[in-house]
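The structure appears right after this line, and notes come after that.
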Amino acid sequence: MQVVSFLLFAALFACGPRSAATTPSAQERSFDELNHDERIEFMLTSVVPAMQPIFVEQDAKRYQTFGCETCHGKAAADGQFHMPSDALPKLGGDLTKKFSRAKLDWMLTEVKPTMARLLKQKEWSPQDPYGFDCYSCHAHE
């Protein structure tokens, strides 16, 4: 009888809810592991506060109203946050003909690495071609 009671207790304990101490928070998990509501909360509480100063420093007038629509476009107001986004400039070909060297350097050295870090993703590299890159946000031409 004691063995049956122990097994019943063990089964119930194993199937019970995880404690908060063992369940990783949204900030501890990668973006890909979050559900839709957690992603929205994460973007509002982590990404926007981290990225806003980077964009405002680049162009305070243009990015004075930095928020969801900055990257996701008008569809963000309807809860559509698909990436890559058609709201951003399309990329392809010789980018130095479309953007200043300073703008490209800013995107490559500040925006892309910060977003990769926030989303807990590796940055693209020739050794890791599946990492976070420009086309994670920008559509191809």
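Could you give every pair whose Cβ atoms fall below 7 Å, whose first residue belongs to segment 27-38 and is under 18 Å from G79 (Cα atoms), and whose second residue is part of a loop (DSSP other than H, G, I, E, B) and of a type in the set (K, R), counting only separations of at least 6 or pairs across chains?
Close Cβ pairs satisfying both conditions: F31/K120.
Per-residue answers, yes or no, for (1) within 24 Å of E69 (Cβ to Cβ); (2) surrounded by fewer than 10 Cβ atoms within 10 Å (Cβ to Cβ); (3) at pLDDT 95 or above:
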| position | (1), (2), (3) |
| --- | --- |
| V3 | no, yes, no |
| A10 | no, no, no |
| A14 | no, yes, no |
| H36 | yes, yes, no |
| V48 | yes, no, yes |
| M51 | yes, no, yes |
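Got a sec? Which helices (runs of 4 or more DSSP H) wholly within segment 59-134 have at least 1 residues that are touching a residue at least 12 places away in the same chain (Cβ under 8 Å), of a type in the set (S, T, Y) and surrounded by 14 or more Cβ atoms within 10 Å (Cβ to Cβ)? Walk me through it before giving the result.
Working: elements: 68-72, 101-106, 112-118.
Where helices (runs of 4 or more DSSP H) fall fully within segment 59-134 and carry at least 1 residues being touching a residue at least 12 places away in the same chain (Cβ under 8 Å), of a type in the set (S, T, Y) and surrounded by 14 or more Cβ atoms within 10 Å (Cβ to Cβ), they are 68-72, 112-118.
What number goes with the only condition from (1) under 18 Å from the mean Cα position of the chain (by Cα); (2) of a type outside the set (A, V, I, L, M); (3) surrounded by fewer than 17 Cβ atoms within 10 Å (Cβ to Cβ) that E141 does not pass?
Of (1) under 18 Å from the mean Cα position of the chain (by Cα); (2) of a type outside the set (A, V, I, L, M); (3) surrounded by fewer than 17 Cβ atoms within 10 Å (Cβ to Cβ), only one is false for E141: (1).
Just need a number here: residues in segment 109-133 that are of a type outside the set (D, E), modelled with pLDDT under 95 and farther than 17 Å from F31 by Cα.
4
The values are calculated or read from the model by the stated rules, or taken from the named source; none is laboratory data. Values in this document were obtained by computation on a predicted structure and should not be read as measured data. When we count neighbours, we look across all protein chains shown, and the Cβ atoms used for this are built from the backbone with ideal geometry, even at glycine.
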